[in-house]
1. Which of the helices (runs of 4 or more DSSP H) contained wholly in the stretch 1-86 include at least 1 residues that are more than 18 Å from Leu103 (Cβ to Cβ) and either among the β-branched types (Val, Ile, Thr) or modelled with pLDDT under 90 (or both)?
2. Among the numbered criteria (1) within 20 Å of Asn50 (Cβ to Cβ); (2) not in a helix (DSSP H, G or I), which one does Trp130 miss?
3. Checking the conditions here, which among Ala93, Ala105, Ala77 is exposed (fewer than 14 other Cβ atoms within 10 Å of the Cβ) and either farther than 13 Å from Ile37 by Cα or among the aromatic types (Phe, Trp, Tyr) (or both)?
4. Has the stretch 90-100 got at least one residue that is of a type outside the set (A, V, I, L, M, F, W, C) and touching an Asp or Glu at 6+ places or on another chain (Cβ under 7 Å)?
5. Of all residues in the stretch 110-128, count the ones that are out of contact with any Lys or Arg (no Cβ under 6 Å at 6 or more places or on another chain), in contact (Cβ under 8 Å) with a residue 24 or more places away in the chain and among the aliphatic types (A, V, I, L, M).
6. For residues in the stretch 128-153 being under 27 Å from Thr87 (Cα atoms) and more than 12 Å from the chain's Cα centre (by Cα), which is surrounded by the most Cβ atoms within 10 Å (Cβ to Cβ)?
7. Can you tell me which residues in the stretch 51-74 are surrounded by 13 or more Cβ atoms within 10 Å (Cβ to Cβ), touching a residue at least 24 places away in the same chain (Cβ under 8 Å) and among the hydrophobic types (A, V, I, L, M, F, W, C)?
Amino acid sequence: MRLLKLALISFIVLFAIVTGISLFIPSHVLVSRAVNISAPPDSIVSNISNLNRWKTWAAGMTDSSVHILSPGEARMAAATLKIGEVTPSLVTAQWKSQRGDSLIAEFHLVSDSLHHVVVVQWIFRQDLAWYPWVKLGSLMNEKVLGGMMEKNLGQLKTQLEAH
């Protein structure tokens, strides 16, 4: 009985410490990458806003678990992807998991007419729950998402500059 009591108290104290530490982790996480592309802005927007074209530059979009329902919506094994706002300088997309978690992506396009390039900035925004395991898990977002974003933006750049 004494050992059980010690285990319970230890668990509660450990949970309180981990929760306290997680309170220092922001509830709003951003991961951002950018690339300069020498291509017309309208061709960049059309490649980002049409999910059928994502197959040529976004890793995983050719997977058999990805079903593109329309140019603006795709269903994946564990999430749904929808294209939102589309303007000459901004394209938004939302990933929504089956559990209801949401991840917002924004593609900002900034034209630099002096150097004849368009800066494409890809930003992932995620609002986190207060749960310590969610916040501690978000520490990996930079490594996981950042590498994938760099690779995909590189593919987009290669594809558009080849034309």
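1. Fully inside the stretch 1-86 and qualifying: 2-22, 41-49.
2. All conditions pass for Trp130, except number (1).
3. The match here is Ala77.
4. Yes: one or more hits.
5. Qualifying residue count, the stretch 110-128: 5.
6. Residue satisfying both the conditions and the ranking: Leu153.
7. Leu51, Trp57, Ala58
The values are calculated or read from the model by the stated rules, or taken from the named source; none is laboratory data. What you see is a predicted model, and the numbers here were worked out from it, not measured in a lab. All Cβ positions, glycine included, derive from the backbone under ideal geometry; neighbour counts span all protein chains shown.
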